[in-house]
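Visitor: Mind looking over this structure? Questions follow.
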Amino acid sequence: RVQSGANMCGINGIYAYNPAAGAPDEREVLATRDAMRARGPDGCGAWWSSDRRAALGHRRLAIQDLSERGAQPMASESGRLVVTFNGEIYNYPALRAELEGEGVRFWSTSDTEVLLHLYEREGEAMVHRLRGMFAFAIWDARDQSLFLARDPYGIKPLYTSDDGWHFRFASQVRALVAGGRVSRDPEPAGVVGFHLWGSVPEPFTMYRAIRSLPAGHTQRVDSTGPEVPRAYVSIAGILRDAMRRPVPDGEVKATAERALRESVAVHLLSDVPVGVFLSAGVDSGALLGLVRDAGQKRGELHAVTLGFNEFRGTPNDEVPLAATVAACYGARHHVRLVSADEFRRDLPTILDAMDQPSIDGINTWFVSKAAREVGLKVALSGLGGDELVGGYPSFRDVPRWRGWMRIPAAVPGLGAAVRRMGRAVGAMYRVPKALGLAEFGGTYAGAYYLRRGLFMPFELETKLAPDILREGLRRLRNVERVANTALHPDPGEDHARVTALESVWYMRNQLLRDADWAGMAHSLEIRTPLVDVEVLRAFGTIMGSMAPGRGKQLIAEAPSLALPATIVRRAKTGFSVPAASWLAEGVQSPSLGASSRQWGESIFTHHQASRMPALA
């Protein structure tokens with residue numbers, strides 16, 4: 001077995017499950033694996049079954065157990081099981097202690113080995129024991145099967161392809177394509193989904209032959225072929241169950257504080273230094289304070305902030321307040337200035353690194369680049385706080401719009417009639433979302449689409465070929481998919497419903513995916529302590545007690561030394577870059593404008609031209 005390692009990595013594999021299929025081509029296995037070199041620059045490994053009908057690959061970014069003992073693909077002592085794993089299991093010390101108490105012997109200190117022993121004892125039910133971000137595949141020689149799993153939030157990606165002969169998987173879409181054996185025919189639902197949202201909704205990708213294993217799902221493949229992916233957990237279900245167990249008002253602060261402190265502590269599990277992405281916001285500032293509380297020593301506490309000359313002296317300038325927070329907690333503050341010239345130089349590489357097209361992620365690209373420049377392999381991000389505590393306008397607007405439009409939207413044909421009137425008076429493309437209120441505003445999923453969507457379906461009539469648009473809308477089932485994915489089962493309360501919508505749609509399909517490709521392009525692992533099922537369970541028990549603004553206050557007060565009041569009172573601006581003004585100035589191309597719609601269209605054009613056949 002070639003030595004590789006753990007834990008944040010790129011994984012891939014091929015299983016020739018059809019008896020008439022040829023054995024996996026070694027060149028394809030290695031080409032797919034090595035297309036993910038940036039995900040794992042510290043080493044690589046590959047494994048074949050004795051009959052050569054199954055192959056697993058791995059690229060290593062060494063974070064835990066830096067020795068050869070953490071090599072992957074990793075086999076069990078008996079040789080029955082082999083795993084290739086991308087992620088971190090934050091409760092692995094407790095799981096290891098439990099297994100050792102049952103007589104299990106370990107030869108490494110890697111969390112990868114825990115997966116093997118846990119699967120050997122509990123089979124597919126093992127996923128219920130895991131806390132972390134993960135995507136992995138386990139080969140079981142006993143029944144010639146492959147078992148795949150992905151974490152509940154979908155922090156780590158996993159893509160699959162089945163042609164009826166071979167089952168393939170990898171951490172990146174582009175890696176599967178790089179193997180040379182997967183069809184590049186476009187997926188209309190992915191194309192349309194990107195235009196509607198600014199990201200590609202899972203399980204679709206831009207290719208018909210490639211699917212994402214949905215978050216919180218497992219999948220089994222044996223000699224009869226791949227089974228349908230099965231859900232083992234859902235964000236909505238966790239919220240529903242937690243809402244049924246509300247804590248008394250007097251325990252709200254302690255509950256939030258305990259959950260946040262504990263999550264940050266486990267997310268610091270690493271054999272290399274861990275830094276923090278620091279903006280001037282509450283979430284990242286509180287994380288820095290909690291990292292200090294967890295025992296990170298002064299001088300070893302690194303905070304990275306982006307600065308831009310265009311923002312200097314404006315409310316969008318993160319640097320001054322971030323410096324205040326860094327000084328408050330004794331962190332080494334690394335301020336990285338990004339210029340329009342650097343943006344111009346990096347833009348082709350950014351577009352090429354996007355595994356799937358996205359209108360976001362530029363900020364994460366540059367802060368990841370900055371973190372890597374100061375020697376970090378791991379950084380904590382405050383991503384997920386707004387989804388927990390209602391930090392977006394959607395928490396106000398979605399329930400309100402749904403209340404306003406519930407009855408009008410139930411009138412048959414009203415939405416189409418409003419669109420016809422809008423077209424007649426020339427308002428179709430001036431106020432498209434207003435024209436969509438009657439059609440979509442009457443449900444939580446529809447109102448959420450109005451709030452988060454990039455384009456309305458009728459706007460795409462002038463942007464996409466008619467057959468692509470028609471087939472894409474049919475396959476995507478846009479609003480119905482939002483409801484089925486995010487609101488099943490119904491969490492039962494407006495705040496919890498929007499938390500589920502934002503977590504399962506915007507955060508999963510855009511923010512987390514962007515964090516993965518942008519971080520891993522710089523060989524940086526981004527960890528998200530606020531995107532954690534145990535934190536979600538805790539905050540679910542207090543959501544009924546969170547008046548507007550109270551949730552942010554709870555986060556700000558979680559460190560032993562609370563965030564300065566200037567941070568808490570600051571109006572939310574987001575962790576942004578001045579890309580819009582750079583584009584408006586023609587930095588990249590005169591055809592690119594400043595709006596997110598124009599930016600999205602340019603990204604799609606680049607993706608289509610560089611990776612896909614023509615769509616029309």
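The values are calculated or read from the model by the stated rules, or taken from the named source; none is laboratory data. Quantities reported herein were computed from a predicted structural model and do not represent experimental measurements. So basically every Cβ, Gly included, is an ideal-geometry build from the backbone, and we count neighbours across all protein chains shown. These area figures cover heavy atoms from the full protein model, side chains too; ligands, DNA and RNA do not enter into them. Shrake-Rupley method; radii C 1.70, N 1.55, O 1.52, S 1.80 Å.
Visitor: Using a Förster distance of 30 angstrom, determine the FRET efficiency expected from the C-beta separation of residue 128 and residue 272, and round it to 0.05. Let's see the in-between values first.
Guide: Values: r = 29 Å, r/R0 = 0.98.
FRET efficiency, residue 128 to residue 272: 0.55.
Visitor: Which of 539, 294, 496 sits closest to the plus end of the dipole of the chain, meaning its Cα is farthest towards the positive end, when Lys and Arg get +1 and Asp and Glu get -1 on the C-beta?
Guide: Value: 496.
Visitor: Starting from the 7 Å offset along Cα-to-Cβ, what nm value, one decimal, do you get for the label separation of residue 324 and residue 406?
Guide: My value for the distance between the label points is 4.2 nm.
Visitor: Another question, if that's okay. Any idea of residue 433's accessible area? Nearest 10 Å², probe 1.4 Å.
Guide: 60
Visitor: Which residues in the stretch 277-311 have a backbone N closer than 15 Å to a point placed 7 Å from the Cα of residue 581 along the Cα-to-Cβ line?
Guide: Counting backbone N atoms under 15 Å from the label point, the list is 307-311.
Visitor: Setting aside same-chain residues fewer than 8 positions from residue 156, which lysines have a Cα under 20 Å from its Cα?
Guide: The qualifying lysines are 369, 377.
Visitor: Can you spot the lysines whose alpha carbon is less than 21 Å from residue 253's alpha carbon? Ignore those fewer than 8 places along the same chain.
Guide: Reachable lysines: 552.
Visitor: Rank these residues by their accessible area, most exposed first, probe 1.4 Å: 120, 373, 525. Present the calculation step by step, with values, prior to reporting the outcome.
Guide: Details: 120 70, 373 105, 525 0 Å².
Ranked list, largest accessible area first: 373, 120, 525.
Visitor: Leaving out ligands and nucleic acids, note down the accessible area per residue over the stretch 242-287 with a 1.4 angstrom probe, in whole Å².
Guide: Values: 1870 Å² over 46 residues.
That works out to 41 Å² for each residue.
Visitor: Continuing with this model, one more query. Rolling a 1.4 angstrom probe over the protein heavy atoms, how many square angstrom per residue are accessible across the stretch 131-205? Let's see the in-between values first.
Guide: Numbers: 1640 Å² over 75 residues.
For the stretch 131-205, the solvent-accessible area averages 22 Å² per residue.
Visitor: Excluding residues fewer than 8 places away in the same chain, name every one of the aspartates and glutamates whose C-alpha is closer than 17 Å to that of residue 463.
Guide: 187, 471, 601
Visitor: Within the chain, what percent of beta bridges assigned by DSSP are antiparallel, to the nearest 5? Intermediate results must be reported in sequence, preceding the final value.
Guide: Details: 51 of 67 bridges.
Just about 75 percent of them are antiparallel.
Visitor: Points 7 angstrom from Cα along the Cβ direction at residue 223 and residue 20: gap in nanometres?
Guide: Distance between the two pseudo-spin positions: 1.7 nm.
Visitor: State whether the stretch 326-371 is rounded, prolate or oblate according to the following rule on the C-alpha gyration tensor (a ≥ b ≥ c being the square roots of its eigenvalues): a/c under 1.5 gives rounded; otherwise a/b larger than b/c gives prolate, and the remaining case gives oblate.
Guide: On the way: a/c = 3.46, a/b = 2.01, b/c = 1.73.
Taking the square roots of the gyration eigenvalues as a ≥ b ≥ c, the stretch 326-371 is prolate.
Visitor: For residue 571 and residue 344, calculate 0.36 nm times their separation in residues minus their Cα-Cα distance, and state this gained length in nm to one decimal.
Guide: Numbers: separation 227, 0.36 × 227 = 81.72 nm, distance 2.98 nm.
Result for the pair: 78.7 nm of gain on full extension.
Visitor: Carbon and sulfur atoms: what percent of the 1.4 Å accessible area of the chain do they account for?
Guide: Numbers: 11700 of 22420 Å².
The C+S portion of the solvent-accessible surface of the chain is 52 percent.
Visitor: What nm distance separates the two modelled labels at residue 351 and residue 467, each placed 7 Å from Cα along Cα→Cβ?
Guide: For the pair residue 351/residue 467, the computed spacing is 2.7 nm.
Visitor: Ok, one more. What is the gain in length, in nm to one decimal, between residue 374 and residue 184 on full extension, counting 0.36 nm per residue of separation less the C-alpha to C-alpha distance?
Guide: On the way: separation 190, 0.36 × 190 = 68.40 nm, distance 3.85 nm.
In short, 64.6 nm is gained.
Visitor: So, one more: Given a Förster radius of 35 Å and the C-beta distance between residue 420 and residue 490 as r, what FRET efficiency does 1/(1 + (r/R0)^6) yield to the nearest 0.05?
Guide: Values: r = 33 Å, r/R0 = 0.95.
According to the calculation, E is roughly 0.55.
Visitor: Can you work out the FRET efficiency for the pair residue 537 and residue 144, with r the C-beta to C-beta distance and R0 = 45 Å, to the nearest 0.05? Please list the in-between numbers first.
Guide: Values: r = 37 Å, r/R0 = 0.83.
Computed FRET efficiency for residue 537 and residue 144 comes out at 0.75.
Visitor: What number comes out for accessible area per residue over the stretch 17-102 if the probe is 1.4 Å? Units Å², please.
Guide: Values: 3140 Å² over 86 residues.
So the stretch 17-102 comes to 37 Å² accessible per residue, rounded to a whole number.
Visitor: Hey, of (i) 26.4; (ii) 30.6; (iii) 25.0, which did the structure itself give for Kirkwood radius over Cα pairs in Å when calculated?
Guide: (iii)
Visitor: For a label point 7 angstrom out from the Cα of residue 310 toward its Cβ, which stretches of the stretch 337-381 have the backbone nitrogen within less than 16 Å?
Guide: 337-348, 360-367
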